[in-house]
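Take a look at the structure set out below.
The values are calculated or read from the model by the stated rules, or taken from the named source; none is laboratory data. Everything numeric here is computed off the predicted structure, so don't read it as measured data. Every residue, glycine as well, gets a Cβ built from its backbone with ideal geometry; the counts of neighbours run over all protein chains shown.
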Amino acid sequence: MPEPSLEESLESRASRAIMEWLTKENPAPGQAVPVREFARRLGMSRTPVRSAVGRLYERGLLAYDASVGFTVAIPSLSSLYELFELRLMLESHALRLFAERTDREPPARLRELVDEAEALAAQALADPGRYTEFRENDTRFHREIVKLGSLPMLLELHEDLHLSIHVTRAGMEAPITASRLNIAVEEHRAVVDALESGDRMRARDLLEAHILRVRDQTIAFLARPRM
């Protein structure tokens, strides 16, 4: 295969930096993308940064405003609903595939992630700055669920989809409360309990109920009037 050009390499670096900004710093929807700052920080011209921004715009993660340039996309409720529906389809299908493979046992990693989530929930409540760690645990848990389907392309689709959901919700997360975090942990735990007991179809039902609850909670929060 041909070696990537310098320009492609710079664009890739710029894309990674912007994605890290979107997922780690949680800029608010409508916030301008600091193209010049990214170029300065990365030690490159604005051209590869603009190219990276353009690709993220094509994916719907960024928007364009004639007065300020590229901005973090403001999610529509309909687009968010569709993203969650796609997530539901992928994760539910992965569990269905796993249910058909009676020769396989659920990995211990799922239980480990639930136990870790319980500890992280307590830490996030004491220090909201650690909520990112709780959210990353959630991402790993759902990735492990999709891995049960043993289809690499399914996992790739899910990761891309999960990223879109994360960026869409970034900066507009519901308040961090004990109820919110603990319910998520217990729903994950119930899925793992069902898997380990051999009731895989119940695990699938519990997973679907969890995703739908999070979808409805997210949409209800985003639909509230802003002060």
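Being under 30 Å from ARG213 (Cα atoms) and basic (Lys, Arg) is a description that does not apply to ARG41.
Which residues, taken from segment 162-211, are part of a loop (DSSP other than H, G, I, E, B), hydrophobic (A, V, I, L, M, F, W, C) and within 19 Å of ALA121 (Cβ to Cβ)? Within segment 162-211, ALA174, ILE176 qualify.
Residue-by-condition table, conditions (1) within 18 Å of VAL191 (Cα to Cα); (2) in the same structural domain as THR218 (by TED's automatic domain parsing):
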site: ASP65; (1), (2): no, no
site: ALA124; (1), (2): no, yes
site: THR139; (1), (2): yes, yes
site: ARG143; (1), (2): yes, yes
site: LEU157; (1), (2): no, yes
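Taking segment 204-219 as the region of interest, how many residues are modelled with pLDDT of 95 or more and of a type in the set (Lys, Arg)? Of the residues in segment 204-219, 2 are modelled with pLDDT of 95 or more and of a type in the set (Lys, Arg).
Rundown of residues vs (1) within 19 Å of the chain's Cα centre (by Cα); (2) surrounded by fewer than 17 Cβ atoms within 10 Å (Cβ to Cβ), yes/no style:
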| site | (1), (2) |
| --- | --- |
| PRO29 | yes, no |
| ALA32 | no, yes |
| ARG36 | no, yes |
| ARG40 | no, yes |
| PRO48 | no, no |
| ARG55 | yes, yes |
| GLU58 | yes, yes |
| LEU62 | yes, no |
| ALA66 | no, yes |
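Residue selection: THR139 satisfies the criterion of being without any contact (Cβ under 8 Å) to a residue 60 or more places away in the chain, among the hydroxyl-bearing types (Ser, Thr, Tyr) and either in contact with a helix residue (DSSP H, G or I) (Cβ under 7 Å, 6 or more places away or on another chain) or buried (at least 19 other Cβ atoms within 10 Å of the Cβ) (or both). If you go through segment 175-193 one residue at a time, do you hit one that is in the same structural domain as ARG87 (by TED's automatic domain parsing), in contact (Cβ under 8 Å) with a residue 12 or more places away in the chain, among the polar types (S, T, N, Q) and crowded, with 19+ Cβ neighbours inside 10 Å? Within segment 175-193, none of the residues are in the same structural domain as ARG87 (by TED's automatic domain parsing), in contact (Cβ under 8 Å) with a residue 12 or more places away in the chain, among the polar types (S, T, N, Q) and crowded, with 19+ Cβ neighbours inside 10 Å.
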